[in-house]
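Following: one structure in structure tokens, then a few remarks.
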Amino acid sequence: MDKFLEQMINEIYADAKVSPSEVIKLNKFAEETIDKLISFEGGDGVSSAMCRSFQVTNQLVQSTLLKMRKNKETEERKKIFKKVIETQIELLKANMELFS
């Protein structure tokens, strides 16, 4: 993991809470990293599409969680949603390991 990213993650989770400003800071770093990757291929390649899908996925996660909060969803549904996210993250990591 990138040292700057690792430090940022450690700072975000140091107090066991994530604030909106911390999410904004992490999102800005993610966008800067995406911009660097896209600059290599011009923005029309598979990597660019993947990056856009990550941005959309993050927006959908936020929207889903806000809707769940508003609708006062059950703990069971929240656990299932969390498991979906964790599983997808692990699948991304496994693909990175397999194809790198």
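The values are calculated or read from the model by the stated rules, or taken from the named source; none is laboratory data. Note that the structure is predicted; figures quoted are calculated from it, not measured. For accessibility, only protein heavy atoms count, side chains too; no ligands or nucleic acids. Shrake-Rupley method; radii C 1.70, N 1.55, O 1.52, S 1.80 Å.
In this view, the solvent-accessible surface of PHE54, computed with a 1.4 Å probe and all protein chains in place, comes to about 80 Å². In this structure the amide hydrogen of GLU73, modeled in the peptide plane, comes within under 5 Å of no amide hydrogen from residues 5 or more places off or on another chain.
The residues of the chain present an accessible area of 86 Å² per residue when probed at 1.4 Å with all protein chains retained. Split the accessible area of the chain by element, probe 1.4 Å, and carbon with sulfur accounts for 60%.
Residues MET50, MET68 ordered from highest to lowest accessible area at a 1.4 Å probe: MET50, MET68.
Subtracting the Cα-Cα distance of PHE4 and ILE89 from their residue separation scaled by 0.36 nm leaves 28.6 nm. Pairs with C-alpha atoms separated by more than 29 Å, drawn from the list LYS25/LYS78; LYS36/LYS72; LYS3/LYS67, are LYS36/LYS72; LYS3/LYS67.
Can you give me the orientation-averaged projected area of the convex hull built on the Cα atoms of the chain, in nm²?
7.8 nm²
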